[in-house]
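The values are calculated or read from the model by the stated rules, or taken from the named source; none is laboratory data. Keep in mind that what you see is a predicted model, and the values were worked out from it rather than measured. Glycine also receives a Cβ, built like all others from the backbone with ideal geometry; neighbour counts cover every protein chain displayed. When the accessible area is computed, the model is the full protein with side chains, heavy atoms only, and any ligands, DNA or RNA have been set aside. Shrake-Rupley method; radii C 1.70, N 1.55, O 1.52, S 1.80 Å.
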Amino acid sequence: MDYTFSERMKNMNGTATREIFKLLGDPSIISFAGGNPAIECLPTERVKEITGDICAAPDFARVLQYGLTAGFPELRELLCKYVESAGITGAKTENVLVISGGQQGIDLALKAFINPGDVILVEDPTYLAFLQLANSYEGVCVGVRANDDGLDLADLEEKIKKHSPKMLYCVPTFSNPTGKTYSAENRKAIAEMTAKYGVIVIEDDPYSKLRFKGEYVPSLKSYDTAGNVIFISSFSKIISPGNRTGVAVADPAVIRKMEIGKQGTDLHTPNLSQMITYEYLRRGYLAPDLEKAVKIYGEKKGAMSEAIRKYMPEEFECTDPDGGLFIWGRLPERIDAAKLLPEAVARKKVAYIQGSVFFADGGGTNYIRLNYSYANVAQIEEGIKRLAELFKEKLA
Ligand SMILES: Cc1ncc(COP(=O)(O)O)c(C=O)c1O
């Protein structure tokens, strides 16, 4: 059959990470490619306990019934308090939508706002699945430069004036792929500027709880006085990605549109997943589990930074994140990280993600993203050593 797929799907292929996930099945490959939480951080015993209790409860049938699109009411209530930890105060249930992971929140925000041809500003580089998703709504992503403080505000304003964008998408805390964090002043300035020009902001926040050093920074949403910021938080990296739960916080009119969009997508997030998240939070399991996870990620990040210092060629530069799951590395420009990846995987048995896929406007061929949460400390040292050998060979 000669399929005529929709225009919007024409340029969409599997994302590089999705394709790379297939490699994780080969146990001899050390993967720095995905964004999986450490297997040892997944709360298997707690979820067994909670699930057992849910199944034994007299109202268990409720879990097997349809639920409300906006989410399990008790969970929505609890999430209003939960987001206070991101500096978002005064959220009411009408500001909150339970989502099937952060990815769905992004999808619903795009669905609610983006018409074909609308410009979406993104930090350059940014989360590659966002670029794919924006493409599927026929949005046009335009990169904004970033510096050590966050977004380059002069560049942001210039691009707003030039393109009249509908939206700005950003990951202000422990960005994927760079691991960098915007300062509080930068967030406030972005909130003010986007409000002034009527630009909707998606603040994507899957990583802020994974801080192993440095000071807490309030969310960009906490500086929103105009109602133009949609805050999206996920439990994937701090409870379980397989449980598919997250929360979107926005003005009630925006939440209502996203809720209608969600009806078309999945009617509601699975009740069992919502109840697991609800009980996990209600029983106070998050704080102690996070403390353990953050310690593990801090150690793994330390092991990767140390191995980079020890083995990588001196031309290799990289970020030094205070949290999250990624280090962003830069090779000399003559190295094409995409071309080198098959050799890294086949010969050195190490996987990374080539940096070019994270850039809206092309370029970035000499960058790589390295994940440090999934491999163990010994694998991190060995994997970086092997990658360094490959890079040194190519640079010689
Ligand atoms: C920046 C960013 N946003 C969103 C997601 C989607 O995560 P989930 O849908 O599991 O919450 C990810 C996953 O890696 C991510 O890195």
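Looking at the stretch 188-230, the pairs of alpha carbons with a distance over 13 Å make up 53% of the total.
Can you tell me the dipole magnitude for the stretch 75-144 around its Cα centre, using point charges on the Cβ only (Lys, Arg +1; Asp, Glu -1), in Debye to the nearest 20? Let's see the in-between values first.
On the way: 4 positive and 8 negative charges, 53 e Å.
Charge dipole, the stretch 75-144, about its Cα centre: 260 debye, nearest 20.
Multiplying the residue separation of Asp149 and Glu306 by 0.36 nm and subtracting their alpha-carbon distance yields 54.1 nm. Its alpha carbons give the chain an Rg and a Dmax of 20.9, 69 Å.
So for the chain: antiparallel DSSP bridges make up what percent, rounded to the nearest 5?
Values: 20 of 39 bridges.
Just about 50 percent of them are antiparallel.
For Cα pairs less than 8 Å apart in space and 6+ apart in sequence, what is the mean separation divided by the residue count of the stretch 44-282, i.e. the relative contact order in percent? That works out to 28 percent. Assuming charge only on the beta carbon of Lys and Arg (+1) and of Asp and Glu (-1), the dipole of the chain about its Cα centre is about 440 debye to the nearest 20. Model label sites at Glu317 and Lys392, defined 7 Å from Cα along the beta-carbon direction, differ in position by 2.2 nm.
Considering only Pro218, Gly139, Asn243, the residue lying farthest towards the positive end of the dipole of the stretch 135-251 is Asn243, judged by Cα position with unit charges set on Cβ. Per-residue 3J(HN,Hα) values for the stretch 71-79, derived from phi via the Karplus relation 6.51 cos²θ - 1.76 cosθ + 1.60 with θ = phi - 60°, read x, 4, x, 4, 5, 4, 4, 5, 5 Hz in sequence order (x marks Gly and Pro).
How much length would be gained if the chain were fully extended between Asp26 and Ala253, taking 0.36 nm per residue of separation minus their Cα-Cα distance, in nm to one decimal? Intermediate results must be reported in sequence, preceding the final value.
Numbers: separation 227, 0.36 × 227 = 81.72 nm, distance 4.70 nm.
Between Asp26 and Ala253, full extension yields 77.0 nm more.
Using the structure shown, select from Lys180/Lys295; Lys349/Lys394; Lys180/Lys394; Lys111/Lys180 the pairs with a Cα to Cα distance greater than 22 angstrom.
Values: Lys180/Lys295 19 Å; Lys349/Lys394 16 Å; Lys180/Lys394 28 Å; Lys111/Lys180 28 Å.
From Lys180/Lys295; Lys349/Lys394; Lys180/Lys394; Lys111/Lys180, over 22 Å: Lys180/Lys394; Lys111/Lys180.
Rounded to a whole number, what % of the accessible area of the stretch 99-183 do carbon and sulfur atoms account for, probe 1.4 Å?
Numbers: 1300 of 2700 Å².
Looking at the stretch 99-183 in its full context, I get 48 percent from C and S.
On full extension, the segment bounded by Glu7 and Ala378 gains 128.9 nm, given 0.36 nm per residue less the C-alpha separation.
Quick one: with all protein chains in place, what share of the accessible area of the stretch 227-351 is carbon or sulfur, to the nearest percent (1.4 Å probe)?
Values: 2690 of 5060 Å².
Carbon and sulfur atoms account for 53 percent of the accessible area of the stretch 227-351.
Here Lys213 is the anchor, and the aspartates and glutamates within straight C-alpha reach of less than 20 Å, apart from those fewer than 8 places off in the same chain, are Asp148, Asp149, Glu185, Asp205, Asp289, Glu291, Glu299, Glu306, Asp320, Asp322.
Calculated accessible area for the stretch 44-282 comes out at 39 Å² per residue, all protein chains present (probe 1.4 Å; ligands, DNA, RNA ignored).
Accessible area per residue, 1.4 Å probe, Å², for the stretch 285-344: what's the number? It would help to have the intermediate numbers written out before the result.
Values: 2860 Å² over 60 residues.
Value returned for the stretch 285-344: 48 Å² of accessible area per residue.
Note on the stretch 112-194: with charges restricted to the Cβ of Lys and Arg (+1) and Asp and Glu (-1), its dipole about the Cα centre is near 160 debye.
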